[in-house]
Structures are given as C-alpha cells and as structure tokens.
Amino acid sequence: MGEAFLYDYWRSSASYRVRIALNLAGIETEFVSVDLVKQAQKSPEHLALNPQGFVPVLEIDGHSFTQSLAIVEYLDETRSLGLLPKDPVARAHVRALAHSVAVDVHPVCNLQVIAHVAKLTPQNENARGDWMQRFIPPGLQAFEQMLTGFEQAPFCCGDSPGLADICLMPQLYNADRWGTDYSDCPRIIGVRDACAAHPAFTAAYPDQVKPA
C-alpha cells in the first residue's frame, strides 16, 4: 500500500498540481479515479470525502485534505519541498503569481463552468472553445508580465520548481488542449520546457495517468 491515497481525475488541473507535489516529495501514492464526466464527484461516497464535490482529496498522515493549494502547501511544510521562499515579502509575491492562475483563471475554466456555458448557449457549437479563448490568453499574458519580477533560472522563480510552476503547468495543458496560442510569452515557454524535462512533472502529466 502507498503512503497516500489521492482521489483525482486525470484531466483535473487541481489534481494535476497535487500529483506534481507528491512526485516532488517522493511519496508513494495510490490513485482512486473519480470520473468527473460521469459526475462521480457528486456521488454520496465522494461527497462524504469532500462536501464540495470536487477533486482532489488526499488521504495522508492519518488525515484527509481537500483544496489543491492547501494540499500542496501542507506537503511543502511537512516534506520541506522549498516551494515558497522563506522571506515573507518574496513568499507573498510567489503566491500572487501562483494564485493568478489557480484562483483567477482556473475556476472560470473548469469542467462544470464550461458545461453550464454550453448549456446556456446551445445555439453556439463553439461555446466551450470561445469561453476558453476569452479567459485563458489574458491570464497567461498577465502571468508572463508578472514573471518579469523573477529570474527564470530556469523555473518560474529560480533554479528549482516552486508553487508557481505547479500551478502554471496544468493551465498550459488546458491552453494546449483548447488551442490557445501563447507563443508571445517567451518566459512561460522557457518555464514550460524546464518543467517538461523534470521527472516529477513528466510523471504527473495527465496522459501518463489516464485510466486504461
């Protein structure tokens, strides 16, 4: 048995973040797939784990945790991952960078939101794609501008992966999935390439964990 149980969905951005952090921590994890397309997250069994009906849920150290950013910071604090700077000013700036994606872009682009958009606009066959194109590009452009406050060496905020990288890569997966062009974001592209070569990110990539 693994050290941890992660209830996740392979394409979930929030789950993707936690998988990266678990890999960085070297924690052996057993995965329990919660099929969001089939609404498994709304089952009584899953609602007993997370009343919000979201993934991920992480069971570790005798506790059960929800909310990906809270989980990642718990792993950082208990496994000394160094995902955030020790200096409180620098830490606040890194958190702002990470939250610009995880708190501002991701929630309006998640599965239940775009499904509702499509339901409200049945006459628009491209409603989902149009919605993504409306919100992802400006979010990435803002992230790119915010990166000017850090040295990409080669990750978002230095020479090792941090909270911002963990939040960025799942959003880039969604950007690629929906055909979003971010070729005008050279800093993001550099970070993407560095993360793509890191085994903790590679092993967490959605297509690597997709159920058979």
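The values are calculated or read from the model by the stated rules, or taken from the named source; none is laboratory data. This is a predicted model, so every value here is computed, not measured. Counting neighbours? That spans all protein chains shown, and the Cβs are built from the backbone with ideal geometry, glycine included. The protein model used for the area step is the full one, side chains on, heavy atoms only, and it has no ligands, DNA or RNA in it. Shrake-Rupley method; radii C 1.70, N 1.55, O 1.52, S 1.80 Å.
Considering each residue of the range 189-201, count those that are open to solvent by less than 60 Å² (accessible area, probe 1.4 Å) and either without any contact (Cβ under 8 Å) to a residue 12 or more places away in the chain or under 14 Å from the mean Cα position of the chain (by Cα) (or both), and give that number.
Number of matching residues: 4.
Among the residues of the range 33-41, is any more than 21 Å from Cys156 (Cβ to Cβ), open to solvent by less than 30 Å² (accessible area, probe 1.4 Å) and touching a His at 6+ places or on another chain (Cβ under 7 Å)?
For the range 33-41, residues more than 21 Å from Cys156 (Cβ to Cβ), open to solvent by less than 30 Å² (accessible area, probe 1.4 Å) and touching a His at 6+ places or on another chain (Cβ under 7 Å): present.
Output the number of residues of the range 66-120 satisfying the condition of being in contact (Cβ under 8 Å) with a residue 60 or more places away in the chain, surrounded by fewer than 19 Cβ atoms within 10 Å (Cβ to Cβ) and either in a loop (DSSP other than H, G, I, E, B) or among the aromatic types (Phe, Trp, Tyr) (or both).
3
With respect to Ala153, determine if the residue is within 14 Å of the chain's Cα centre (by Cα) and under 25 Å from Pro199 (Cβ atoms).
no
Out of curiosity, is Ala48 within 18 Å of His106 (Cβ to Cβ), modelled with pLDDT of 95 or more and of a type in the set (A, V, I, L, M)?
Answer is no for this residue.
Of (1) exposed (fewer than 14 other Cβ atoms within 10 Å of the Cβ); (2) among the acidic types (Asp, Glu); (3) in a helix (DSSP H, G or I), Glu144 satisfies all except one. Which?
Every condition holds for Glu144 apart from (1).
Do we have Gly129 as modelled with pLDDT under 95, open to solvent by less than 50 Å² (accessible area, probe 1.4 Å) and not in a strand (DSSP E or B) here?
Taking the combined requirement at face value, the residue satisfies it.
Would a scan of the range 171-188 turn up a residue that is open to solvent by 40 Å² or more (accessible area, probe 1.4 Å), outside any helix (DSSP H, G or I) and among the hydrophobic types (A, V, I, L, M, F, W, C)?
Yes, because at least one residue in the range 171-188 is open to solvent by 40 Å² or more (accessible area, probe 1.4 Å), outside any helix (DSSP H, G or I) and among the hydrophobic types (A, V, I, L, M, F, W, C).
Assess whether Gln123 counts as being farther than 19 Å from Ile20 by Cα and part of a helix (DSSP H, G or I).
Answer is no for this residue.
A quick yes/no check of all residues on (1) at pLDDT below 95; (2) under 18 Å from Cys157 (Cβ atoms):
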{"residue": "Asp61", "(1), (2)": "no, no"}
{"residue": "Phe65", "(1), (2)": "no, no"}
{"residue": "Asp76", "(1), (2)": "no, yes"}
{"residue": "Arg91", "(1), (2)": "no, yes"}
{"residue": "Cys109", "(1), (2)": "yes, no"}
